[in-house]
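One structure below.
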Amino acid sequence: MRGFINRLAAIALLLIGFTASALFAPNALAGEGKAHHVSFHVDQNDPDVMNQTLNNATNVIEYYRGRNEDVDVDIVTYGPGLNMLRSDTSPVQDRIKHLKDMVFHGKIQFSACDVTKIGMEKKEGHAISVVPEASVVPSGVVHLMELQEQGWSYVRP
């Protein structure tokens, strides 16, 4: 009888250990863990910089997808970099659409600076539209600053 009780106690301790491991270990099977957030900024009207930024964002998304983890990406444009998100000047519109379509874990956002947009509209004398995948934020620089204050990582390509 004593042997049976010892085995039962050993099994109970083993089950408690497995339960504790499951409760306190990162839950990789469900893709839950540390939240990942990264912001990139583009302030140059340079297709190479724009493509490098999209490459970096794609690599980050694919890395975390491979780990079954979510990542939020925000590509923020201001100054001459706003041309990346302008409907009439973007040399990377197709890549932006493709990247937006491929993201299913986490999200990607393209943020266009309204301060820059208004300045360009005044200078050019007409309204400027951004690509459908983008949203306009009041200030690109302030948006980046606030993301960093919320714990987002920041990358300048």
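Bear in mind these aren't lab numbers, they're just calculated from the coordinates by the rules spelled out. It should be emphasised that the depicted structure is a prediction, and the values quoted were computed from it without experimental measurement. Virtual Cβ from ideal backbone geometry, glycine too; neighbours counted across all protein chains shown.
Of note:
- Exposure proxy ranking, count of Cβ atoms within 10 Å, fewest first, for 34, 117, 107: 34, 107, 117
- The mean sequence distance of close C-alpha pairs (under 8 Å, at least 6 residues apart), as a share of the length of the stretch 32-155, puts its relative contact order at 31 percent.
- Evaluated with a Cβ-only charge set (Lys, Arg +1; Asp, Glu -1), the stretch 32-155 carries a dipole of roughly 120 debye about its Cα centre, given to the nearest 20.
- Here the spin labels are modelled as points 7 Å beyond Cα on the Cα-Cβ line, and at residue 124 and residue 48 they lie 2.4 nm apart.
- Fewest-first ranking of 116, 58, using other Cβ atoms within 10 Å as the exposure measure: 58, 116
- Residue exposure sequence - 76, 142 - by fewest surrounding Cβ within 10 Å: 142, 76
- The modelled label-to-label distance for the pair residue 154/residue 56, using points 7 Å beyond Cα in the direction of Cβ, is 1.2 nm.
- For residue 39, distant residues with modelled amide H under 5 Å away: 74, 153, 154, 155
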